[in-house]
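The values are calculated or read from the model by the stated rules, or taken from the named source; none is laboratory data. Nothing here was measured: the structure is a model prediction, and the numbers come from that model. Please note: Cβ atoms are built from the backbone with ideal geometry, for glycine as well, and neighbour counts cover all protein chains shown.
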Amino acid sequence: MTARRIEVGGSHPYDVVVGSGVFGELSRQVGPSAARVAVIRPDGLGEVARPALRALEAAGHTVHDMRVPDGEAAKNVTVAADLWERLGRAGFTRTDAVVGVGGGATTDLAGFVAATWLRGVNVVLVPTTLLGMVDAAVGGKTGINTAEGKNLVGAFHPPVGVLCDIATLPSLPTADYIGGLAEIVKAGFIADPVILDRIEKDPDGATRPEGRHTRELVERAIAVKAEVVSGDLRESGRREMLNYGHTLGHAIERVENYTFRHGYAVAIGMVYAAELAHVNGRIDAETVRRHRSILTSVGLPTAYSGEAWRELRETMRVDKKARGTTLRFVVLDDIGEPTILADPPEETLDAAYNAVSV
Ligand SMILES: NC(=O)c1ccc[n+]([C@@H]2O[C@H](COP(=O)([O-])OP(=O)(O)OC[C@H]3O[C@@H](n4cnc5c(N)ncnc54)[C@H](O)[C@@H]3O)[C@@H](O)[C@H]2O)c1
Ligand SMILES: O=C(O)C(=O)C[C@@H](O)[C@H](O)[C@H](O)COP(=O)(O)O
Ligand SMILES: [Zn+2]
């Protein structure tokens, strides 16, 4: 199958290459001026990272294999500081580059380290999870977590290239694959209802890399994200729609000490946002039901502990869409019509949570 290039526009446009067996593209994306390349990747992901390491070495770059802890455990300042030290010791200059290989947590960390090293060096992202391909590696949001909340420290630093080799997906644990579907479903609800139709027709296939519509689902979700971030890198407007389900989702991740899969938290958050829109008179009960049925059909959760509500409510205060003490949620006026619901009354927040709590 041929590779597809999806262009992300803006002041520094770049391509997202999607294909199978496309690691030969990596050196071109990194560029010839990068004598040194730091490959930041999870320690346990040697097999998955090997083609990237080999392709870079074969192209003549001096490769520094910088292993980090797995997944979310690496998205913190301690690991970032360790990488800054390693880059310093290896003498990385402004013409050198960083390559992030792994899931969204690793590419967020790699992007953040690239954004901050020497105030910004080139980064190429090689997502190897479904979620990384369809969302995290595209768009230039980089970041790490703090004890207070998710992604609270970060920078907008677009990659110079993104390489999605879907041949890396079969080794991904099913639970992580399903987590990525949450962001694909999100793209469906906010912008591309064909995604929802495809999943409803074949929910089982949607949960597998070899599913009938996998390539189409991946490309459609990337296209949604690329189109949105091309016009609003810094989230001063329309980009906020990509945060559908994330206000409650991020609070769940924080309350669970970052051990709960991002996609699973976002799935619950989307049902909450749908309930909020319903209580607010924006969408009908059928649209809320459709959220639950699509998410459930692929194995994603749609409910969370009732007892956690007060802590979740408190944690949502640090959501990046908040302005002062005003909470702002992405909700739908209809499928494909996201909007902002600002400062909903406490009773509305409580009623919506009641509907998702167990
Ligand atoms: N920057 C953004 O715009 C953006 C968008 C969405 C999500 N995110 C972030 O992405 C993170 C979630 O990403 P994720 O779901 O990819 O989780 P993850 O990075 O934790 O990866 C999940 C697991 O899969 C493993 N893995 C990765 N590729 C593999 C492969 N090919 N085979 C076998 N195992 C593999 C990882 O080592 C990890 O254990 C969160 O931190 C979230 O905040 C960022
Ligand atoms: O790219 C965006 O913009 C998003 O909101 C995509 C989200 O899926 C992603 O989880 C993002 O990291 C959330 O950003 P944050 O600014 O709420 O931390
Ligand atoms: Zn997300």
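Is one or more of the residues making up segment 327-334 assigned to a helix (DSSP H, G or I) and of a type outside the set (A, V, I, L, M, F, W, C)?
no
Checking the condition within 16 Å of ligand 3 (Cβ to nearest atom), part of a helix (DSSP H, G or I) and of a type outside the set (S, T, N, Q), which residue from ARG292, ARG310, ARG254 passes? Before the answer, list the steps.
Details: ARG292 fails: within 16 Å of ligand 3 (Cβ to nearest atom); ARG310 fails: within 16 Å of ligand 3 (Cβ to nearest atom).
One residue alone meets the criteria, ARG254.
Within segment 285-312, restricting attention to residues that are hydroxyl-bearing (Ser, Thr, Tyr), touching a strand residue (DSSP E or B) at 6+ places or on another chain (Cβ under 8 Å) and surrounded by fewer than 17 Cβ atoms within 10 Å (Cβ to Cβ), which residue is nearest to GLU346 (Cα to Cα)?
Checked segment 285-312; the qualifying residue nearest to GLU346 (Cα to Cα) is SER305.
In segment 94-120, how many are among the aliphatic types (A, V, I, L, M) and more than 16 Å from ligand 1 (Cβ to nearest atom)?
2
Scan segment 144-162 and report the pairs whose first residue is over 15 Å from THR116 (Cβ atoms) and whose second residue is among the β-branched types (Val, Ile, Thr) and near ligand 1 (Cβ under 10 Å from one of its atoms), with Cβ atoms within less than 7 Å and a gap of 6+ or a chain change.
VAL162/VAL138
Which of the residues spanning segment 303-355 are in contact (Cβ under 8 Å) with a residue 60 or more places away in the chain and small (Gly, Ala, Ser)?
Matches in segment 303-355: GLY336, ALA351, ALA352, ALA355.
Quick grid of which residues meet (1) under 21 Å from the mean Cα position of the chain (by Cα); (2) outside the structural domain of LEU152 (by TED's automatic domain parsing); (3) away from ligand 1 (no atom under 16 Å from the Cβ); (4) farther than 20 Å from THR129 by Cα:
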{"position": "GLY9", "(1), (2), (3), (4)": "yes, no, yes, yes"}
{"position": "PRO32", "(1), (2), (3), (4)": "no, no, yes, yes"}
{"position": "ALA35", "(1), (2), (3), (4)": "no, no, yes, yes"}
{"position": "VAL39", "(1), (2), (3), (4)": "yes, no, no, no"}
{"position": "GLY44", "(1), (2), (3), (4)": "yes, no, no, no"}
{"position": "ALA49", "(1), (2), (3), (4)": "yes, no, no, no"}
{"position": "ASP70", "(1), (2), (3), (4)": "yes, no, no, no"}
{"position": "LYS75", "(1), (2), (3), (4)": "yes, no, no, no"}
{"position": "PHE92", "(1), (2), (3), (4)": "no, no, yes, yes"}
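Being part of a strand (DSSP E or B) and β-branched (Val, Ile, Thr) is the filter here; which residues of segment 68-102 pass it?
Within segment 68-102, VAL68, VAL98, VAL99, VAL101 qualify.
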